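Novice: Pasting in a structure now, in C-alpha cells, and then I'll have a few things to ask.
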Amino acid sequence: MSGQTADGQATDSAAADSAAADSMATDSAAADSAAVNSAATDGRPADRRPADGGPARDLDAYRREVRAWLAANLEPRNDDAPVRLRGGDAANLSPERVAQQRELQRRVYEGGYAGITWPAEFGGQGLTPAHEEVFAQESRGYVVADLGIAGLTTTRVCGPTILAHGTDEFRRTHIPRMLSGEEIWVQLFSEPGAGSDLAGVSTRATRTDAGDWVINGSKVWTSGAYYADYGLCLARTDPTVPKHRGLTWFGVPLTGEGVTIRPIREINGSSEFCEEFFDDVVVSDADRIGAVGDGWTVARTMMVFERLGGDPDETPRHSGARELAPDLVALARRVGRQGDPVTRQLIARAHVIDLVKEQLDAYVATLTESGAANPNLGSYSKLAAGTLNPVRAAIGLEIAATAGVAWHPQDTEASTTALNYLNGRILSIAGGTNEMQRNGISERILGLPREPAHDLDRPFNELRHN
Amino acid sequence: MLPGVTADQKLFAETAERFIRSTCPVSTVRRVAQREEELDGGYFTEIGELGWLALFVPEEHGGGSPSGQPVLDAGLIAEQRGRYLQPGPIVGSNVAALAITLGGTGEQRALLDDLAGGKALAAWALGDPVGGWGASAGVEARRGETGFVLSGTKGLVQDAHLADWFLVSAAVDGRPALFWLPDDVPGLSVEPLAGLDLTHRYAELVLRDVAVPASAVVGQIGGDDLGERLLQVATVLTVAEMVGAISELFAMTLEHARNRAAFGRVIGSFQAVKHQLADLSLAVECSHAIATGALTAVQERAPDAAELASAAKAFVGDAAIDVSQGCLQLHGGIGYTWEHDLHLYLRRLATDRVVFGDPAWHRERICRLHGL
C-alpha cells in the first residue's frame, strides 16, 4: 500500500484510504468519498487509450518509441543513484542545480513523456499506468530530472489535488508548467500553532472589496520551499464558524511581494524544511482551489495523495536477500565487537525489528486486498515504524559506543550512526504522530469511544488556540 | 490467523474451537490445573479423532491434513489451543510423529497409527535443565555392545507425565542424534517440576545409564537436517499457541476496558487507557504477522524458514511479556485475583516464551544462521 507512489496507481485504493487519511487527522469531518472519487477520475484517465491497436501492441510500440527517444535525448546513467541520507548540507539543492534539473525536466516534457497518465487537455499524455511503467522501466538507465522533495510534492501531491479540485482555467495554466519543471509546488499546510490539529490553522485569508484575497500568517515544515515557485495554502476564510467549515485553499506565488521564506535548521544540521511568513500577500479569486469554506474536503483529498506519494527516503529499501542488519554488522566489525554477546543480541534485535515490520506490511496489505478488512489497518504499519525505528536507531548508538558520538572529521561512515540516531523519530512525528495513530487505532479499529471534543461545534474564534 | 485460509482449513479450525468450548473450556482447564479434576484419556483420543495429531503422519498410518499443508493446519489448531489454554503434549506428539515419519525405522513407524489417533502421546526432550536448546544438550549416548547407553538430564519437558514415548536428543561422539524411548525403559525417570504455568506441567527427564538398542535411533547420527526441521516446526507451533493466547488475553482486556466504568465513563474512553490498548494491539498484530510469515516459510521449506521461525519466537516471546503485563495493568486489582483467568494466560505465556528457546537464545541463533 505504502509502496504505491505513482500518481496513476494512487487511485485504485484511494477510496479505501480516505478513511485511513482521516485517521491521521484529528477530527472527523463529513466523508468526502465524492471528492476522492472525482480525484480518481480526473487524475487517471485510464480509459483514454489511443484508439489504434490493442493495449499490448500499443505498449510494445510505445516501448520502442521510448527507447529511441531516451537514447537520442538523455545521458546514460553510470551507477546506481546513491541512497539519500537526511542530514548535512549535501541534501540541499543549489540554485544552479535546480536550474539544471528544470532544464532536464523540460526536455522530457517536450519529448512527450511527462505526466504520462495525466489528462492531455492539461499537458499530460492521457495514457495508462502501464505506459507510465514502461517509461519508468526504460528510463532507469538514464539521468532524469531530480527536483528533490518539492519536485515529488509537485507531481505526487499538489498536481493530483489541483486536478481534482482546481478550475479548468487554473488547471490549464498551472498543470503544464508543473509537468515541464517550470513550476515547483509545495504544500502550505502545518503551522507553528497547528500540527496534528491541522484543521486548527490560523493563517487568515480576507476578501477585499475588489474580490481579491489578502493572506496573513505563517506556515512551517514545508519541504523544499526554498526553491519552490508556488504553494498550495490552507487558510482560514471564516473564523466565526466551527474550525472545519471556515477553511479555503489558495495557490500562492512564493516569489512575490510579502512572502518571506526561511530555512528551518533541523537537528541533523540540514535544512530540507522551511518556514514561510505571509504579510498582506494578495492573490486573486481565480487562484482559489475548491469552494470557499470547503477547504477541509480538499485537505482530505490531499492527505490521500500525500500518504500514497510518500517520501521515498522513508521507504525501507530491500535489495532482495535479507541480510542481517547490514549497517549494524558493519558497525560492529568496525569497532571489533562482532563476537561480543551483548552486541550480537542487539544486532539480532534490530534484524527482528526489520523482519517484523516487513511481515506486518505484507500482512496488512494481504488483509487490505481481501477487501473485508478495516481500512484503517495501515495505522499499524505507521505506528510500528514510529515506535520501532527509534529503538533501532538507539541500538546503533549502543553498538557504536564511543564511535557513535565522536569521530575523525573525514570519517563519514562513522557519522552515519549519529545521523541515524538524530533521524530515528522522523516517522514517530511526520505524517501523523504516534499519538494520532494510537487515537486512530483505538477509535477506528478497536471501537473505543472518541475523546470528548471541545472544538467541533464552536466557532473557531471562540476556541483556545496558539 | 492466516489471511489465505481455505474453506477446509476454516472448517478444521472451527470444528476444533467448537470441540474445545464444549469439552475442555478454560473453566475445565482451571479445574485440572487446580488438581480438582484429571484429564482422562478420552480427551486425547477425541482430539485424535478430530485429526489434530495426524497432521504429520502419512495416510497409510491413518494420517493426513485437510489442506495438505500440515504446518499451516497444525498452526491453526495451535492457535485455538493457545486461545483456550489447552493441556497436553500436543506440540511434542506432533513433532515426534514428524520425526518418525521422516526418519523412523519400520518398527517405529508401526507406532504412527497410535500417535495419529491419540492412543499414544509423546514428548520431545530437547533442552537441558539450564536453558540450552542445542541439538544434543544435556544427554550423552555412549556406544555400547549392542546399542547405546544414555546418561544425563533434560529440562522443561512439556507434559512428560502424559507421554508414553520420548523423543530424546542426545550427543553421540559429539554429534547430534535422536532416540525414541518408551516411558518405561529402565533407568529413565520423570521428575516433576513445580512451575509458573498451571495449564501444562513440566518435568526433568533423568537418564541414568539407559541402555537402548541401535534401532532406537531416529534418522542418522549427525544428521542435522532432521533435528533442524523438528526445531523449526516445534518453534512455530509454540509461537502459534502463544499468538492464540495473546489474542485471547487482549480481547478479554479490551472487553474489560469497554465495560468497566470509573469517573462516570468507561475506562476505555480515557486516552491513557486507549493508547495502551493501541500499543498492545500493535504487539498482537505484529505477532500475528510474524507468526504467519514463519508458519508459511516453514511449511514451504523456504530458505529463510529457520531465521523467520527464530525471529517469530524472539519477537512473540518478548511481546508475550509486554502484552501479559499490559493486560494485567489495565485490569487493575481484579486481574491480580486467583479467580480471574488472566493469570492462567500470563503464566502460560511466560513459560511458552522459554519452551524450545527463549528470545535471547533465538537471537543468538539468528546471528549464527547468518554466519556472524
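Throughout, read-outs are computed from the coordinates displayed, never taken from laboratory work. What you are looking at is a predicted structure, and each value in this text was computed from that prediction instead of being measured. Ideal geometry is used to build each Cβ from the backbone, glycine not excepted, and the neighbour counts take in all protein chains shown.
Novice: Run the simple label-point estimate for residue A:291 and residue A:133 please: 7 Å along Cα→C-beta, distance reported in nm.
Specialist: 3.8
Novice: Picking from B:251, B:349, B:308, whose Cα lies most toward the positive end of the charge dipole for the range B:224-369 (charges on Cβ: Lys, Arg +1; Asp, Glu -1)?
Specialist: B:251
Novice: How far apart, in nm, are the 7 Å Cα→Cβ label points at residue B:194 and residue A:63?
Specialist: 7.3
Novice: Shielding of A:361-371 by partners, i.e. mean partner chain Cβ atoms within 10 Å per residue? All intermediate terms of the calculation are to be shown ahead of the outcome.
Specialist: Details: counts 1, 4, 10, 3, 1, 5, 4, 1, 1, 2, 0.
For this peptide, the per-residue mean of nearby foreign Cβ atoms is 3.
Novice: Here is the link list: A:357/B:274; A:243/A:382; A:357/B:313. Which ones come out longer than 24 Å on Cα distance? Please list the in-between numbers first.
Specialist: Values: A:357/B:274 22 Å; A:243/A:382 27 Å; A:357/B:313 15 Å.
Going by Cα-Cα distance, A:243/A:382 fall outside the 24 Å limit.
Novice: Suppose we take every Cα in the range A:319-402 and form the convex hull; what volume per residue is that in Å³? Walk me through the numbers before you get to the answer.
Specialist: Numbers: hull volume 7.6 nm³, N = 84.
Cα-based convex hull of the range A:319-402, divided per residue, equals 90 Å³.
Novice: Return the FRET efficiency for the residue pair residue B:329, residue A:340: r is the Cβ-Cβ distance, R0 is 56 Å, and the value is rounded to the nearest 0.05. Show your work: numbers first, answer last.
Specialist: Numbers: r = 34 Å, r/R0 = 0.61.
Once the sixth-power term is evaluated, E becomes 0.95.
Novice: Continuing with the same structure: Taking 0.36 nm per residue of separation and subtracting the Cα-Cα distance, what length does fully extending residue A:280 through residue A:121 add? All intermediate terms of the calculation are to be shown ahead of the outcome.
Specialist: Details: separation 159, 0.36 × 159 = 57.24 nm, distance 3.43 nm.
Stretched out fully, the residue A:280 to residue A:121 stretch lengthens by 53.8 nm.
Novice: Taking the alpha-carbon set of the range B:224-369, what are its Rg and Dmax in Å?
Specialist: Calculated on Cα positions, Rg and Dmax stand at 16.9, 62 Å.
Novice: Let me confirm one metric for peptide B:361-372, namely the mean number of other chain beta-carbon atoms within 10 Å of its residues' beta-carbons. Walk me through the intermediate numbers first.
Specialist: Values: counts 0, 2, 9, 4, 1, 10, 12, 2, 2, 8, 2, 12.
Counting other chains' Cβ atoms within 10 Å and averaging over B:361-372 gives 5.
Novice: Order A:243-253, A:411-421, A:447-457 from most to least packed using the mean count of other Cβ atoms within 10 Å. Could you put the intermediate results ahead of the total?
Specialist: Details: A:243-253: 23.7, A:411-421: 18.6, A:447-457: 13.1.
Ranked by mean Cβ neighbours within 10 Å, highest first: A:243-253, A:411-421, A:447-457.
Novice: Let me ask something else about it. Can you give the local net charge around residue B:53? Use residues other than it whose beta-carbon is closer than 13 angstrom to its beta-carbon, Lys and Arg +1, Asp and Glu -1.
Specialist: Details: positive: B:81, B:119; negative: B:46, B:49, B:73, B:113, B:114, B:164.
Computed value for this residue: -4.
Novice: Which net charge results when you count Lys and Arg as +1 and Asp and Glu as -1 among the other residues whose beta-carbon is under 11 Å from that of residue A:135?
Specialist: Details: positive: A:63, A:67, A:140; negative: A:65, A:132, A:133, A:138.
Its environment carries a net charge of -1.
Novice: Would you work out the relative contact order for the range A:187-308, in percent, from Cα pairs under 8 angstrom that are 6 or more residues apart? Display every interim value, and only then the final one.
Specialist: Numbers: 262 pairs, mean separation 33.4, N = 122.
This gives 27 percent for the range A:187-308.
Novice: A follow-up question, please. Return a whole-number percent for the relative contact order of chain B, with Cα pairs under 8 Å and 6 or more residues apart as the contact set.
Specialist: On the way: 709 pairs, mean separation 60.2, N = 372.
Rounded, it is 16 percent for chain B.
Novice: While we're on this one: For chain B, which semi-axes, largest first and in whole Å, follow from the square roots of 5 times the eigenvalues of its Cα gyration tensor? Can you show the working numbers first?
Specialist: On the way: eigenvalues 248, 88, 84 Å².
Its equivalent ellipsoid spans semi-axes of 35, 21, 21 Å.
Novice: Calculate how many DSSP beta bridges within the protein assembly as shown are antiparallel, expressed in % of all such bridges and rounded to the nearest 5.
Specialist: On the way: 61 of 71 bridges.
In the protein assembly as shown, DSSP labels about 85 percent of beta bridges as antiparallel.
Novice: Using a Förster distance of 56 angstrom, determine the FRET efficiency expected from the C-beta separation of residue B:338 and residue A:430, and round it to 0.05. Working shown, then result.
Specialist: Details: r = 47 Å, r/R0 = 0.84.
Result of the calculation: an efficiency of 0.75.
Novice: If packing is taken as the mean number of other Cβ atoms within 10 Å per residue, what is the order of B:243-253, B:194-204, A:363-373, highest first? Present the calculation step by step, with values, prior to reporting the outcome.
Specialist: Details: B:243-253: 23.1, B:194-204: 18.1, A:363-373: 15.6.
So the peptides B:243-253, B:194-204, A:363-373, ranked by packing, come out B:243-253, B:194-204, A:363-373.
Novice: Name the most mobile residue of B:84, B:43, B:345, meaning the one with the largest mean-square fluctuation, in a Gaussian network model of chain B with Cα contacts below 10 Å.
Specialist: B:43
Novice: Compute the FRET efficiency between residue B:322 and residue A:146 as 1/(1 + (r/R0)^6), taking r as their Cβ-Cβ distance and R0 = 45 Å, and round to the nearest 0.05.
Specialist: Efficiency at R0 = 45 Å is approximately 0.60.
Novice: Is the shape of the range A:339-466 rounded, prolate or oblate, going by the alpha carbon gyration tensor and its root eigenvalues a ≥ b ≥ c, with a/c under 1.5 for rounded and a/b larger than b/c for prolate? Before the final figure, lay out the partial values.
Specialist: On the way: a/c = 3.26, a/b = 1.61, b/c = 2.03.
Oblate shape, in that a/c is at least 1.5 and b/c is the bigger or equal ratio.
Novice: Could you state the principal axis extents of the C-alpha atoms in the protein assembly as shown, from the largest down, to the nearest angstrom?
Specialist: Principal-axis extents of the Cα atoms in the protein assembly as shown, largest first: 104, 68, 61 Å.
Novice: Under the definition of partner shielding as Cβ atoms of other protein chains within 10 Å of a residue Cβ, what is the mean value for peptide B:298-310? Walk me through the numbers on the way to the answer.
Specialist: Numbers: counts 0, 0, 0, 0, 0, 2, 3, 0, 0, 6, 3, 0, 4.
What the average comes to for B:298-310 is 1.
Novice: Now, a different point. Taking the Cβ of residue B:224 as the centre, find all other residues whose Cβ is under 14 Å away and add up their charges (Lys, Arg: +1; Asp, Glu: -1).
Specialist: Working: positive: B:175, B:229, B:365, B:368; negative: B:225, B:228.
Spelling it out: positives minus negatives among the neighbours equals +2.
Novice: Quote to one decimal, in nm, the extra length available between residue A:71 and residue A:366 on full extension: 0.36 nm per residue of separation minus the C-alpha distance between them.
Specialist: Details: separation 295, 0.36 × 295 = 106.20 nm, distance 3.95 nm.
Result for the pair: 102.3 nm of gain on full extension.
Novice: Test of understanding: what is the full-extension gain from residue B:161 to residue B:21, defined as 0.36 nm times their sequence separation minus their Cα-Cα distance? Can you show the working numbers first?
Specialist: On the way: separation 140, 0.36 × 140 = 50.40 nm, distance 2.44 nm.
That works out to 48.0 nm of additional length.
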